[in-house]
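The values are calculated or read from the model by the stated rules, or taken from the named source; none is laboratory data. Everything numeric here is computed off the predicted structure, so don't read it as measured data. Cβ: placed from backbone, ideal geometry, glycine included. Neighbour counts: every protein chain shown. Calculation scope for accessible area: heavy atoms of the full protein, side chains included, ligands and nucleic acids excluded. Shrake-Rupley method; radii C 1.70, N 1.55, O 1.52, S 1.80 Å.
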Amino acid sequence: MSKLKVYLAGAIRSDHPEDFEWRQKAIEILSPVAIILNPLAGKWTTDDDFKWRMSGLPTYSKTIVRSDMFFVQSCDAMIANVKSLDDNYPSIGTMFEIGYGRALGKLIYGIVGGDQKHCTGGKYQVHPFIDDSCAAIFDNVDNCLQFARLQLEVHSGQNPHYGRHKDAIYL
């Protein structure tokens, strides 16, 4: 059985370790069942000038955007973490990736924070564009990754069996 490719979309802010930590957790949990396309792979910033490097060379925004769009085109599924919106960080790149992924018919699982719910008719909901673009939405990284791992096994044919899975989330 071949593994599906999963792209890890989300904010990348040098001063927010959570933007790196959730991706590391995703790599550890999903690697046994998927090929991970991480937009941080081969990239880093230096302490002296805080400029991004790709594979050792200084880079430009166009290079980063084209690389990330290649990942969106190449993936089978995406995990889109938009919790940075809770910090009032617009995460424009992530929103673009979600829209582009939806237009390409990618399977998208979303991770949202509590502040991203808005009141509609007395009921709190996730923003309609995020809600409509994602096959499933979670309020934390752990539940999303656990669900994604099980579903990736199903979608790749690694687990074609009917019935409850011992590791399933029952909320």
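Which one of A41, A77 is in contact with a Leu (Cβ under 6 Å, 6 or more places away or on another chain) and among the hydrophobic types (A, V, I, L, M, F, W, C)?
Every option except A77 fails the conditions.
S55 - would you say it is among the hydroxyl-bearing types (S, T, Y) and on the phi > 0 side of the Ramachandran plot?
yes
What number of residues within region 153-163 are in a helix (DSSP H, G or I) and either in contact with a helix residue (DSSP H, G or I) (Cβ under 6 Å, 6 or more places away or on another chain) or modelled with pLDDT of 95 or more (or both)?
Residues flagged as in a helix (DSSP H, G or I) and either in contact with a helix residue (DSSP H, G or I) (Cβ under 6 Å, 6 or more places away or on another chain) or modelled with pLDDT of 95 or more (or both) within region 153-163 amount to 0.
Condition check: in contact with a helix residue (DSSP H, G or I) (Cβ under 9 Å, 6 or more places away or on another chain), free of Cβ contacts under 8 Å to residues at least 24 places away in the same chain and open to solvent by 30 Å² or more (accessible area, probe 1.4 Å). Does F96 satisfy that?
Taking the combined requirement at face value, the residue satisfies it.
Only one of (1) at pLDDT below 95; (2) open to solvent by 30 Å² or more (accessible area, probe 1.4 Å); (3) not in a loop (DSSP other than H, G, I, E, B) fails for K166. Which number is that?
Answer for K166: the failing condition is (3).
Got a sec? Which of A11, A26 is in contact with a strand residue (DSSP E or B) (Cβ under 7 Å, 6 or more places away or on another chain), crowded, with 19+ Cβ neighbours inside 10 Å and among the small types (G, A, S)?
Just a single option satisfies the conditions, and that option is A26.
Between a first residue in region 24-35 that is within 11 Å of V141 (Cβ to Cβ) and a second residue that is open to solvent by 50 Å² or more (accessible area, probe 1.4 Å), which pairs have beta carbons less than 8 Å apart while being 6 or more apart in sequence or on different chains?
Once the first residue is within 11 Å of V141 (Cβ to Cβ) and sits in region 24-35, its partners that are open to solvent by 50 Å² or more (accessible area, probe 1.4 Å) give K25/D142; I29/Q146; I29/R149.
Return yes or no: is L57 at pLDDT below 95 and crowded, with 16+ Cβ neighbours inside 10 Å?
no
Given the condition open to solvent by less than 20 Å² (accessible area, probe 1.4 Å) and under 20 Å from S133 (Cβ atoms), answer yes or no: does some residue in region 36-50 qualify?
For region 36-50, residues open to solvent by less than 20 Å² (accessible area, probe 1.4 Å) and under 20 Å from S133 (Cβ atoms): present.
Every residue in region 82-105 that is farther than 10 Å from A9 by Cβ and modelled with pLDDT of 95 or more, please.
G99, R102, A103, L104, G105
Condition first: in contact with a strand residue (DSSP E or B) (Cβ under 9 Å, 6 or more places away or on another chain) and either assigned to a helix (DSSP H, G or I) or surrounded by fewer than 15 Cβ atoms within 10 Å (Cβ to Cβ) (or both). Now tell me which residues in region 136-145 satisfy that.
A136, N140, V141, N143, C144, L145 - these are the residues of region 136-145 that are in contact with a strand residue (DSSP E or B) (Cβ under 9 Å, 6 or more places away or on another chain) and either assigned to a helix (DSSP H, G or I) or surrounded by fewer than 15 Cβ atoms within 10 Å (Cβ to Cβ) (or both).
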